[in-house]
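Undergrad: Below are the structure tokens for one structure; questions will follow.
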Amino acid sequence: MKDSIASVTFDLASDQNSKGNYQKAKKLYEKANQIEPNNIIILNALGYVSANLNESNASIEYFEKSLKIDSTNSATYINLGTAYNKLLKFDKSIEVLLKGLEYENDREIRGYFYYNLANSYYKKKDYKTSMDFCNKALGIVKEPAVREDILELKKVLREKNN
């Protein structure tokens with residue numbers, strides 16, 4: 001962030017967000033956004049906290065605004081894809097995640113895209129495609145907590161295929 005006051009305000013918001021004080025966090029993120037508008041980091045944080053507050057439409061608006069500013073930011077695609085997934089718009093989630101994959105070169109982060117795609121396909125009841133993405137994610141993701149989630153999804157998928 002270019003503005004030091006926006007940066008401090010953003011940090012205070014992030015602290016509140018990590019404590020689960022989403023309303024306070026959102027107010028502070030909004031203040032940071034007023035000080036330094038059109039910063040994709042702030043817009044993504046607003047989208048994320050809005051999702052935590054079950055304000056799905058606001059969440060999507062923030063992520064889409066962020067993509068209008070920088071259409072190559074892969075983190076925004078993951079966030080937007082997750083938001084659409086929560087809204088049960090699985091086809092839109094898949095579309096957004098596949099588009100974001102085009103901009104992501106980091107192998108580990110690509111694994112997170114695969115895991116999110118596996119979730120979306122699972123919710124669409126396309127278990128074969130879900131398993132394919134699940135296996136791709138398992139071949140890449142190293143983070144233990146995320147691997148555990150992927151393994152759990154794989155277990156459920158195996159049960160669905162039996």
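The values are calculated or read from the model by the stated rules, or taken from the named source; none is laboratory data. Since the structure is predicted, the reported quantities are computational estimates derived from the model, not experimental observations. Neighbour counts are summed over all protein chains in view; Cβ atoms, including those assigned to glycine, are modelled from backbone coordinates with ideal geometry. Just the protein is used for accessible areas: all its heavy atoms, side chains included, with ligands, DNA and RNA removed. Shrake-Rupley method; radii C 1.70, N 1.55, O 1.52, S 1.80 Å.
Undergrad: Would you point out the residue of region 117-135, among those that are open to solvent by 30 Å² or more (accessible area, probe 1.4 Å) and of a type in the set (S, T, N, Q), that is nearest to Leu97 (Cα to Cα)?
TA: Filtering first and then ranking leaves Asn119.
Undergrad: Examine region 90-108 for a residue that is modelled with pLDDT of 95 or more, over 30 Å from Glu30 (Cβ atoms) and small (Gly, Ala, Ser), and state whether such a residue exists.
TA: Within region 90-108, none of the residues are modelled with pLDDT of 95 or more, over 30 Å from Glu30 (Cβ atoms) and small (Gly, Ala, Ser).
Undergrad: Let me ask something additional. Being assigned to a loop (DSSP other than H, G, I, E, B) and farther than 25 Å from Asn105 by Cα is true for just one of Lys142, Lys155, Lys125, Lys160. Which residue is that?
TA: Testing whether each residue is assigned to a loop (DSSP other than H, G, I, E, B) and farther than 25 Å from Asn105 by Cα leaves just Lys125.
Undergrad: Within region 147-162, which residues are touching a helix residue (DSSP H, G or I) at 6+ places or on another chain (Cβ under 9 Å) and open to solvent by 30 Å² or more (accessible area, probe 1.4 Å)?
TA: Arg147, Asp149, Leu151, Lys154, Val156, Arg158, Lys160, Asn161
Undergrad: Only one residue in Lys31, Lys65, Lys2, Lys27 is free of Cβ contacts under 8 Å to residues at least 60 places away in the same chain, in a loop (DSSP other than H, G, I, E, B) and among the charged types (D, E, K, R). Which one?
TA: Exactly one residue qualifies, and that residue is Lys2.
Undergrad: Separate question: For the structure I just gave you, tell me whether Asn54 is under 17 Å from the mean Cα position of the chain (by Cα), farther than 26 Å from Glu102 by Cβ and not in a helix (DSSP H, G or I).
TA: Considered against the rule, which asks whether it is under 17 Å from the mean Cα position of the chain (by Cα), farther than 26 Å from Glu102 by Cβ and not in a helix (DSSP H, G or I), Asn54 comes out as yes.
Undergrad: On the basis of being of a type in the set (Ser, Thr, Tyr), buried (at least 17 other Cβ atoms within 10 Å of the Cβ) and more than 24 Å from Pro37 (Cα to Cα), does Tyr114 make the cut?
TA: It is true that Tyr114 is of a type in the set (Ser, Thr, Tyr), buried (at least 17 other Cβ atoms within 10 Å of the Cβ) and more than 24 Å from Pro37 (Cα to Cα).
Undergrad: Something else: Just to be sure before I move on: is Lys99 free of Cβ contacts under 8 Å to residues at least 12 places away in the same chain and either in contact with a helix residue (DSSP H, G or I) (Cβ under 8 Å, 6 or more places away or on another chain) or open to solvent by 40 Å² or more (accessible area, probe 1.4 Å) (or both) in the structure I sent?
TA: no
Undergrad: Residue by residue through region 34-51, note down the ones that are assigned to a helix (DSSP H, G or I), of a type outside the set (Val, Ile, Thr) and under 23 Å from Ser74 (Cα atoms).
TA: Once the filter is applied, which keeps residues that are assigned to a helix (DSSP H, G or I), of a type outside the set (Val, Ile, Thr) and under 23 Å from Ser74 (Cα atoms), region 34-51 yields Leu43, Asn44, Ala45, Leu46, Gly47, Tyr48, Ser50, Ala51.
Undergrad: May I ask you to list the residues in region 68-89 that are part of a loop (DSSP other than H, G, I, E, B) and surrounded by fewer than 20 Cβ atoms within 10 Å (Cβ to Cβ)?
TA: Asp70, Ser71, Thr72, Leu87, Leu88, Lys89
Undergrad: For region 102-111, give me each residue that is closer than 17 Å to Arg147 by Cα and open to solvent by 80 Å² or more (accessible area, probe 1.4 Å).
TA: Within region 102-111, Arg107 is the sole residue that qualifies.
Undergrad: Further question: Going through region 5-24 one residue at a time, which ones are in a helix (DSSP H, G or I) and surrounded by fewer than 18 Cβ atoms within 10 Å (Cβ to Cβ)?
TA: Of everything in region 5-24, those that are in a helix (DSSP H, G or I) and surrounded by fewer than 18 Cβ atoms within 10 Å (Cβ to Cβ) turn out to be Ile5, Ser7, Val8, Asp11, Leu12, Ser14, Asp15, Ser18, Gln23, Lys24.
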